[in-house]
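Written out below as structure tokens is the structure these notes cover.
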Amino acid sequence: MLVRTRLSHLALVGVLLGLESCASVPFSTTSNFTPSQMTLAAPQAAAPNDAYVLQLGDVLDIKFFYNPELNEQVSIRPDGKISLQLIDEVKAEGLTPAALDAFLTEQYAKILRQPEITVVVKEFAGQRVYVGGEVASPGVIRTPGNLTALQAISQAGGFKSTAELSSVVILRNQGTQTPLFLTLDLKEDLTTPLNHNDIVLQPYDIVFVPQSRIAKMNQFVEQYVDKLIPVTRTLGVFWSFELNPAKIQGQ
């Protein structure tokens, strides 16, 4: 069962991506042009199933065949945009390289004579999610393709025996200060052939596997009972008190 609620005042892990700025250089134009301060948004055309879609953190080479002085290497910022000479900011996240190429060619055609542009993905950021809690190896999981919650947990070493499989938490950035809070029951997915509750994660999702009630009880016994009361557990259920030698000598 998938439960959707909102969790207030909870901060998500932020990922800061650097953007190298490039100095202005001479160029040939067909008319006088003043760069606009507006962000240009490319049309969101449907991408083929096998086409790569640009993501946050991807590093792009923007190459001009007839105007090499405009060549740039840029990173897609956390806001999904890139900054280019002459046309300022462009929304790149969510586009295929071919779609971004076509859009940039159209925009630069207003400025340059016969612009021939190539968009090359120099470095792939890949999907990056964070897995914590009752897993063997908590940390950052990176993958170039789609990743489900169960797959991410598996890459993090799998569930510990103390994990609560029916209450796995997903925190998702919605672009606001209030993230989306999801609870997944993955216990059924591990015992049935069809994955009914498992979902595909989005970049920068946080997957948290909580402790089970039994694990919390055992932890309580270990931390507070075993260390405070001079007793010995037998079979994990029955208790037998031990005589304290110090007390015997003091009598």
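The values are calculated or read from the model by the stated rules, or taken from the named source; none is laboratory data. Here the structure is a predicted model, which is why all the values come from computation and not from measurement. With ideal geometry, Cβ positions are generated from the backbone for all residues, glycine too; neighbour counts draw on all protein chains shown. Side chains included, ligands, DNA and RNA excluded: accessible areas come from the protein's heavy atoms. Shrake-Rupley method; radii C 1.70, N 1.55, O 1.52, S 1.80 Å.
At-a-glance table
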| quantity | calculated |
| --- | --- |
| Residue-level accessible surface for Val59, protein heavy atoms, 1.4 Å, Å² | 20 |
| Rg/Rh for the stretch 150-193, where both radii come from Cα atoms and Rh is the Kirkwood radius | 1.05 |
| Net charge contributed by nearby residues that have their C-beta within less than 11 Å of Leu95 (K/R +1, D/E -1) | -2 |
| Note, ³J(HN,Hα) from phi for the stretch 160-167, Karplus 6.51, -1.76, 1.60, rounded to Hz, x at Gly and Pro | 7, 5, 8, 7, 9, 6, 8, 9 |
| Computed over the stretch 56-121: relative contact order in percent, which uses C-alpha pairs under 8 Å that are six or more apart | 38 |
| Accessible area (Å², 1.4 Å probe, nearest 10) - Glu106 | 110 |
| Reciprocal of mean inverse Cα separation for the stretch 105-145 (Kirkwood radius, Å) | 14.0 |
| Glu188 - accessible surface, heavy atoms, 1.4 Å probe, Å² rounded to 10 | 90 |
| Of all accessible heavy-atom area on the stretch 90-170, the percent that carbon and sulfur account for (1.4 Å) | 47 |
| The stretch 59-196: Rg to Rh, with Rh as the Kirkwood radius over Cα pairs | 1.15 |
| Per residue accessible area of the stretch 57-136, 1.4 Å probe, in Å² | 40 |
| Accessible surface ranking that places the most exposed of Glu164, Glu134 first, with a 1.4 angstrom probe | Glu164, Glu134 |
